[in-house]
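This report concerns only the one structure given below.
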Amino acid sequence: MINSKVQIGLIAGVFIALGIGLTLYKAVSLDLPLVPDQYREVWTIESKTSFAPTNTRVGSPVNVQLKLPTGQAGWVILEEHFASSGFGFSIIEESAGSSVARWTRQKLDRPTTLYYKMQTYRASQNSSLPILPIKIPQKPLLEPDQQAATDRLVDRLQKQSSNIESFVQLLLQEFLRDSPDQDTLFLLDSYEDDAFAVLMDVLAMADISAHQIRGIVLEDGRRRQTLNSLIEVYSGEQWSIFDPSTANLGLPDNFFIWQRGDGAVLNVVGGRDSSLEFALVSNSLPAKAVVGMEQRSDQYALLDFSIYTLPVEQQGIFKGLLLIPVAALVVVFMRLLVGVRTSGTFMPILIALAFIQTTLFIGLAIFLGLIGIGLWIRSYLSQLNLLLVARVATVIIMVILLMAALAVISYRLGLDQVLTVTFFPTVIVAWTIERMSILWEEEGGHEVLIQGGGSLLVAVMAYLVMSNHLVEHLTFNFPELTLSVLGVILLFGKYTGYRLSELYRFRDMGSK
Amino acid sequence: MKKLISPFELRDLGILGMNERNIGFIGHYNQRKNYRLADNKLQTKSAALVRGIPVPELYGTVEYQFQVKNLHETLSGRDSFVIKPAQGSGGKGILVITDRDGDLFVKSSGALIDEREVRRHTSNILAGLHSLGGRNDCAMIEALIDFDPVLKDYSFEGVPDIRVIVFRGVPVMAMMRCATHSSDGKANLHQGAVGVGIDISTGKSICAVQHDRIVTQHPDTEILFDQLNIPHWQQVLELAASCASMTGLDYLGADIVLDKQGGPMLLELNARPGLAIQVANQTGLRHRLASAAKIADLTNDQAAKIRLAREQFSCTSVARGQLSINIL
């Protein structure tokens with residue numbers, strides 16, 4: 001017994017020391033911050049260029065050109081990676097610092113995806129862009145009725161506006177209105193609802209130099225983001241940016257500029273069905289480390305083997321996975337040291353994971369609702385005398401239908417938050433209902449309240465820990481801390497002391 | 001009344017906590033391969049029969065779902081019986097039928113159920129609803145104990161049983177578990193049965209608890225517990241001690257019932273006996289277990305172990321003092 005205790009102590013000690021040691025090393029020598037303040041938000045953007053060859057049977061020569069972003073409006077690009085197996089690859093410098101990635105291949109006979117990944121952060125909030133030469137707008141050739149509608153629209157807006165900026169703003173609002181006027185509707189209709197093309201032509205007809213800015217709206221964890229467009233117009237003295245989706249002036253803070261000016265971002269020769277999608281993930285890194293990465297990124301061997309080097313989608317998944325050990329620690333603590341009874345050992349973790357998606361109070365309400373209605377229906381199933389497996393399967397289907405009903409009804413009522421009901425693990429909810437129902441029949445509602453309440457208490461605590469910013473920051477940036485968590489859990493596994501609940505349970509023992 | 005007791009005081013009292021029981025005793029002394037015999041009541045029963053340990057008569061078993069249809073044949077001519085899962089835990093899934101009323105069965109609580117209900121209960125047992133880990137299980141139908149009339153008023157609508165904790169062949173602590181109305185006729189302390197601590201040396205009651213609180217009389221029959229004196233006490237201890245060598249489990253709880261004709265009978269074994277017995281005895285297990293280890297080191301003879309235990313584990317301090325001298 002002593003022996004195994006010493007062993008566990010040693011192993012746990014090594015794990016804890018290793019985790020904390022690596023963390024301190026990274027904190028001290030690599031300047032990664034232990035607390036999530038004064039950090040830079042570093043975005044990892046991965047573009048996926050997918051296409052199919054025009055001729056799959058024989059194969060066809062392919063030439064793919066992707067315009068690469070240059071750091072603009074205070075954004076700095078840190079690292080770039082290209083994945084292009086089997087392709088000839090080159091980067092062509094174009095004028096004015098912009099460059100194009102070119103993938104070529106003699107013969108391609110199956111659909112392919114090319115990857116370009118880069119990391120970027122905003123070094124300054126200065127969002128001014130370099131002055132572009134002004135091009136005299138070329139008036140488009142329009143059909144007579146389009147021409148007339150455009151003229152009327154321009155005429156009306158010019159009367160309402162005082163300068164070019166207010167003209168553009170009014171024009172954009174015109175297209176955002178729920179019920180645009182006749183001319184706008186006609187134009188949209190004749191341009192096959194391509195509002196952006198209409199806008200550009202109307203601006204040209206009004207003698208305003210304009211071009212589009214293409215880029216990405218940054219949202220953490222997005223997987224299939226596509227390019228968005230802004231409009232930049234010359235207002236006589238300077239260039240001003242407008243967001244056509246809001247009609248607001250200025251560059252939105254969460255917009256990463258990929259390309260300023262017209263022209264295609266992606267050009268695929270010899271392929272069809274091409275698409276360009278982006279996956280995004282943001283990490284918090286300290287300012288110093290970011291600057292370091294910029295200058296000598298290959299010196300950080302440890303960072304090379306960190307989670308940052310994974311593809312963006314997997315990074316996002318690990319962000320969540322690395323939180324689970326912490327939740328497990330909470331369960332171990334609550335069960336072994338406090339002595340809370342839960343239904344199902346790790347069921348609270350799964351509930352807590354669902355809470356992360358739904359937010360706490362909505363999650364609690366949905367969960368209690370599901371379990372409550374489930375128990376009510378289950379009490380009827382009880383009379384039907386079904387075999388256990390069939391009955392649990394029935395409850396699973398019931399839960400799915402309940403979730404669907406809840407989602408549809410709440411959506412109709414405009415309660416969008418309840419849609420997150422889908423994040424609850426169906427099978428776990430079904431088993432919980434089944435267990436609770438049996439518990440109710442065998443040991444009464446009191447026991448159901450104790451175990452159900454215990455499970456929810458642990459789930460809420462696990463949720464609070466997992467959603468804590470510091471915990472999230474530490475687990476993701478210092479995954480070696482998971483070793484320390486493991487060490488602590490091993491030590492708990494050898495804890496022979498009393499539980500808090502036993503101090504209550506045996507409280508009368510001393511009195512006699 | 002204190003809200004909490006300090007952990008140091010608990011340690012001084014020698015109270016065994018759940019964590020220590022799991023690691024220090026169940027995990028350390030009980031080998032996993034020996035659990036099967038204790039966890040499966042059918043195996044316990046056949047092993048006991050081989051050794052001549054008395055057990056309630058087995059009427060039959062239901063192993064497969066199709067056999068549930070023929071249940072009434074097994075039950076024909078039986079007015080009272082018990083259906084329970086072979087691998088049930090914590091007294092779950094035990095259906096006690098005390099009598100018949102035409103086509104209906106009378107439960108121990110007096111409630112009437114039809115045969116459909118009995119069949120449903122049996123199917124649930126087969127599907128593993130009441131079993132450890134939800135494994136498929138088989139149902140066993142056995143004779144209802146006709147318990148000793150001396151104990152009649154100590155239990156309400158259910159059979160009282162005697163739990164004896166045996167450590168390395170030495171009986172260390174005992175309690176009688178008395179069913180109450182709130183425990184639905186089950187002798188399960190979680191469900192509200194009364195636990196009465198029994199003096200190992202005399203078989204007399206020490207203290208009674210319900211829901212971990214001290215009570216003096218049975219909540220339903222209102223009989224006072226301080227007069228309780230278990231008959232055949234030596235036999236009860238012998239039966240419990242012989243289970244240790246039968247199973248190879250060094251730390252186990254033996255549940256024993258007193259039949260009017262058959263005397264003490266082994267009902268079931270428990271490889272993970274609970275801790276409430278300490279409250280019922282108002283004594284911690286730790287010191288007792290330490291002394292039991294000494295006794296077990298001293299002798300291998302079962303009769304000697306029981307004799308020493310009866311001398312050592314008395315609730316009167318005089319006897320205790322004498323005996324420690326004997327051992328040392």
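Can you tell me which residues in the range B:4-24 are closer than 14 Å to A:LEU500 by Cβ and more than 7 Å from every other protein chain (Cβ to nearest Cβ)?
B:SER6
Right, B:SER183: out of contact with any Asp or Glu (no Cβ under 7 Å at 6 or more places or on another chain), within 26 Å of A:GLU434 (Cβ to Cβ), within 14 Å of another protein chain (Cβ to nearest Cβ) and buried (at least 24 other Cβ atoms within 10 Å of the Cβ) or not? Give the steps one after another, and end with the answer.
On the way: out of contact with any Asp or Glu (no Cβ under 7 Å at 6 or more places or on another chain): yes; within 26 Å of A:GLU434 (Cβ to Cβ): yes; within 14 Å of another protein chain (Cβ to nearest Cβ): yes; buried (at least 24 other Cβ atoms within 10 Å of the Cβ): yes.
Against the criterion (out of contact with any Asp or Glu (no Cβ under 7 Å at 6 or more places or on another chain), within 26 Å of A:GLU434 (Cβ to Cβ), within 14 Å of another protein chain (Cβ to nearest Cβ) and buried (at least 24 other Cβ atoms within 10 Å of the Cβ)), B:SER183 qualifies.
Give the residue that is farthest from the chain's Cα centre (by Cα), with candidates limited to residues of the range A:343-369 that are within 28 Å of B:PRO7 (Cβ to Cβ) and at pLDDT below 85.
Checked the range A:343-369; the qualifying residue farthest from the chain's Cα centre (by Cα) is A:SER343.
Pull out all pairs, ordered by first then second residue, where Cβ-Cβ is under 7 Å, the residues are six or more apart or on different chains, the first lies in the range B:268-280 and is more than 14 Å from every other protein chain (Cβ to nearest Cβ), and the second is part of a helix (DSSP H, G or I) and basic (Lys, Arg).
B:GLU268/B:LYS41
Restricting attention to the range B:206-217, does a residue exist that is touching a residue at least 24 places away in the same chain (Cβ under 8 Å), of a type in the set (A, V, I, L, M), away from chain A (no Cβ under 14 Å) and surrounded by 22 or more Cβ atoms within 10 Å (Cβ to Cβ)?
For the range B:206-217, residues touching a residue at least 24 places away in the same chain (Cβ under 8 Å), of a type in the set (A, V, I, L, M), away from chain A (no Cβ under 14 Å) and surrounded by 22 or more Cβ atoms within 10 Å (Cβ to Cβ): absent.
Going through the range A:478-507 one residue at a time, which ones are closer than 30 Å to B:GLN282 by Cα, more than 7 Å from every other protein chain (Cβ to nearest Cβ) and not hydrophobic (A, V, I, L, M, F, W, C)? It would help to see each step written out before you state the result.
Narrowing the range A:478-507 to residues closer than 30 Å to B:GLN282 by Cα: A:492-507.
After this cut, where a residue has to be more than 7 Å from every other protein chain (Cβ to nearest Cβ) as well, the list is A:492-493, A:500-501.
Passing the criteria: A:GLY493, A:SER501.
Only one of these is crowded, with 17+ Cβ neighbours inside 10 Å and under 21 Å from A:GLN238 (Cα atoms): A:LEU153, A:LEU187, A:LEU172. Name it. Spell out the reasoning first.
Numbers: A:LEU153 fails: under 21 Å from A:GLN238 (Cα atoms); A:LEU187 fails: under 21 Å from A:GLN238 (Cα atoms).
The match here is A:LEU172.
A quick yes/no check of all residues on (1) surrounded by fewer than 16 Cβ atoms within 10 Å (Cβ to Cβ); (2) in contact with a helix residue (DSSP H, G or I) (Cβ under 8 Å, 6 or more places away or on another chain); (3) at pLDDT 85 or above; (4) in a helix (DSSP H, G or I):
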site	(1), (2), (3), (4)
A:ILE11	yes, yes, yes, yes
A:ILE16	no, yes, yes, yes
A:GLY19	no, yes, yes, yes
A:THR23	no, yes, yes, yes
A:LEU32	no, yes, no, no
A:ASP37	yes, no, no, no
A:TRP43	no, no, no, no
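Considering only residues that are touching a helix residue (DSSP H, G or I) at 6+ places or on another chain (Cβ under 9 Å), more than 24 Å from B:GLN282 (Cα to Cα) and without any contact (Cβ under 8 Å) to a residue 60 or more places away in the chain, which ones fall in the range B:127-182?
Scanning the range B:127-182 gives B:ALA127, B:GLY128, B:LEU129, B:HIS130, B:SER131, B:GLY134, B:ASN136, B:ASP137.
Only one of A:LEU457, A:LEU419, A:LEU413 is surrounded by fewer than 20 Cβ atoms within 10 Å (Cβ to Cβ), farther than 21 Å from A:ILE356 by Cβ and not aromatic (Phe, Trp, Tyr). Can you tell me which? Show your work before the answer.
Details: A:LEU457 fails: farther than 21 Å from A:ILE356 by Cβ; A:LEU419 fails: farther than 21 Å from A:ILE356 by Cβ.
When all the criteria are applied, what remains is A:LEU413.
Might you check whether a residue that is more than 14 Å from chain B (Cβ to nearest Cβ), assigned to a loop (DSSP other than H, G, I, E, B) and either acidic (Asp, Glu) or within 28 Å of the chain's Cα centre (by Cα) (or both) occurs anywhere in the range A:441-462? Working first, answer last.
Of all residues in the range A:441-462, those more than 14 Å from chain B (Cβ to nearest Cβ) come to A:449, A:452-462.
Next, from what is left, pick out any that are assigned to a loop (DSSP other than H, G, I, E, B): none.
No, the range A:441-462 has no match at all.
Looking at (1) within 30 Å of B:THR283 (Cα to Cα); (2) in the same structural domain as B:LEU129 (by TED's automatic domain parsing), find the lone condition where B:HIS28 falls short.
(2)
Just to be sure before I move on: is B:LEU239 out of contact with any Cys (no Cβ under 8 Å at 6 or more places or on another chain) and buried (at least 17 other Cβ atoms within 10 Å of the Cβ) in the structure I sent? Steps first, answer last, please.
Details: out of contact with any Cys (no Cβ under 8 Å at 6 or more places or on another chain): yes; buried (at least 17 other Cβ atoms within 10 Å of the Cβ): yes.
Taking the combined requirement at face value, the residue satisfies it.
Could you list, in sequence order, the residues of the range B:27-52 that are within 12 Å of chain A (Cβ to nearest Cβ) and either touching a residue at least 24 places away in the same chain (Cβ under 8 Å) or not in a helix (DSSP H, G or I) (or both)?
As a first pass, look at the range B:27-52 and keep what is within 12 Å of chain A (Cβ to nearest Cβ): B:27-29.
Within the range B:27-52, just B:TYR29 meets the criteria.
Return only the number of the condition from (1) within 30 Å of B:CYS207 (Cβ to Cβ); (2) touching a residue at least 60 places away in the same chain (Cβ under 8 Å); (3) in contact with a Leu (Cβ under 9 Å, 6 or more places away or on another chain); (4) not polar (S, T, N, Q) that A:ILE450 does not satisfy.
(3)
If you go through the range A:399-419 one residue at a time, do you hit one that is touching a helix residue (DSSP H, G or I) at 6+ places or on another chain (Cβ under 6 Å) and within 14 Å of chain B (Cβ to nearest Cβ)?
no
The values are calculated or read from the model by the stated rules, or taken from the named source; none is laboratory data. Quick caveat: nothing in here was measured; it's all calculated off a predicted structure. Neighbour counts are summed over all protein chains in view; Cβ atoms, including those assigned to glycine, are modelled from backbone coordinates with ideal geometry.
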